[in-house]
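Following: one structure in structure tokens, then a few remarks.
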Amino acid sequence: MGVLSRIVKFYFAASHWPEYLAPIFDIGLRLYLANVFFKSGLTKIQSWDSTLFLFSDVYHVPLLPPEVAATMAASAELGLSTLLVFGLLGRFAAAGLSILNVVAVISYADLSDAGINQHMSWGILLGVLLILSRGQWSLDEWLEKRLNRS
């Protein structure tokens, strides 16, 4: 085997090393996104009157009365972000937060370019969790292994 062949073989072996970081990256994404959405949910419930004002006069959620939209948003932000932390129903949580993220952008007409970019970043990261995440260090993985044993 020539030197070039060894270098190429080493390259292809080494190119898989970052895959060992995938579970850490996955947890990092889950914790970051859960933090963003959970804090938003806490803000909503800490001042419910302000939240109701925002949902009735500032945000224009299509098809839903403001009280229902506010309750659904706060519940989703708190509940789905908690599921995301533990990796329990992780893809469901990522999908739900993705929908919430899109509705937030659609509902707030005065969102700045920076705000739109932030929501796009969150959407892309949620998409990574939804589509690419294997959730190796999650309750979903643990439950799946337990169910497959029985």
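Largest GNM mean-square fluctuation among L111, L63, L42, using the chain with Cα springs under 10 Å: L63. Distance from the Cα centroid of segment 1-31 to that of segment 127-141 is 19 Å (rounded to whole angstrom). With axes computed from alpha carbons, what is the tilt in degrees of helix 113-127 against the longest principal axis of the chain, rounded to the nearest 10 within 0 to 90? Approximately 50 degrees, to the nearest ten. A Gaussian network model of the chain, with springs between Cα atoms under 10 Å, assigns the largest mean-square fluctuation among L84, L139, L64 to L64.
In debye to the nearest 20, how big a dipole does segment 1-121 give about its Cα centre with +1 on each Lys and Arg Cβ and -1 on each Asp and Glu Cβ? Can you show the working numbers first?
Values: 6 positive and 8 negative charges, 144 e Å.
Approximately 700 debye in magnitude.
Angle of helix 3-14 to the longest C-alpha principal axis of the chain, folded into 0 to 90 degrees and rounded to 10: 30°. Calculated from DSSP H runs of 4 or more alone, at -39500 (n - 2.57) each and per residue, what is the 222 nm mean residue ellipticity of the chain, nearest 500? Mean residue ellipticity at 222 nm (helix-derived): -23500 deg cm²/dmol. Residues with amide H under 5 Å of L88's amide H, sequence separation 5 or more or different chain, H placed in the peptide plane at 1.01 Å from N; which? Result for L88 returns L139, D140. Label-to-label distance for H16 and L4 is 2.5 nm, based on points extended 7 Å past Cα in the beta-carbon direction. The candidate values are (1) 52, 40, 37; (2) 41, 32, 28; (3) 72, 45, 25; the one derived from this structure for Cα extents along the principal axes in Å carries the label (3).
Put +1 on the Cβ of every Lys and Arg and -1 on every Asp and Glu Cβ in the chain; which of L111, Y20, N101 then has its Cα farthest towards the positive end of the dipole? Going by the charge dipole, the pick is Y20.
Comparing A76, A114, A14 in a Gaussian network model of the chain, where Cα atoms under 10 Å apart are tied by springs, the biggest mean-square fluctuation is seen for A14.
Using Cα pairs under 8 angstrom and six or more residues apart, how large is the relative contact order of segment 22-149, in percent?
The normalised contact order for segment 22-149 reaches 32 percent.
Listed values for segment 129-137 are Karplus-derived 3J(HN,Hα) couplings in whole Hz (6.51 cos²θ - 1.76 cosθ + 1.60, θ = phi - 60°), namely 5, 5, 9, 9, 5, 9, x, 4, 10, and x replaces Gly and Pro.
Any read-out appearing in this document is the output of simple, stated calculations on the displayed coordinates, not a laboratory observation. Computed from a predicted model, the values in this text were never measured in an experiment. For neighbour counting, all protein chains shown are included, and Cβ atoms are generated from backbone atoms with ideal geometry for every residue, glycine included.
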